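The values are calculated or read from the model by the stated rules, or taken from the named source; none is laboratory data. Small disclaimer: the values here were computed from a predicted structure and weren't measured. Positions of Cβ are backbone-derived with ideal geometry, glycine not excepted, and every protein chain shown enters the neighbour counts. Ligands, DNA and RNA are excluded from the accessible area calculation, which covers all protein heavy atoms including side chains. Shrake-Rupley method; radii C 1.70, N 1.55, O 1.52, S 1.80 Å.
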Amino acid sequence: QAQLVESGGGLVQPGGSLRLSCVASIRFFRLYTMAWYRQVPGRQREFVADITAGGTTRYREAVKGRFTISRDNAESTVYLQMNYLRPEDTAVYYCNLNSGDNYWGQGTQVTVSS
């Protein structure tokens, strides 16, 4: 069993920054790939970024160069630093852990608007 708790969302102007955090309560956190997804009402949840146990990262094309995913294994936490935010980044952002079972957090709202 795992629990994921996201935080850090909010309202920000275009061009601004936010940092999302996701704390995972699971043994051996360091062994798992962690990911961020986002979802807009009426659309499918989409992949944003992930980071493997070894620190390899991947990003969806639209966020490359603007978002950075990182992890702190000692704190069982994964982060998503989001810079140069755009209105189209507005969504609910979800943390994901797949250990064979798929776990999701409750989501945190990010709104980019002037």
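Looking at segment 75-89 only, could you name the residues that are under 13 Å from the mean Cα position of the chain (by Cα) and open to solvent by less than 40 Å² (accessible area, probe 1.4 Å)? Selection gives 77, 78, 80, 82, 89. Of the residues 23, 63, the single one that is touching an Asp or Glu at 6+ places or on another chain (Cβ under 8 Å) and without any contact (Cβ under 8 Å) to a residue 40 or more places away in the chain is 63. In segment 27-54, the qualifying residues are those that are assigned to a loop (DSSP other than H, G, I, E, B) and among the aromatic types (Phe, Trp, Tyr), and the one that is most open to solvent (accessible area, probe 1.4 Å) is 28.
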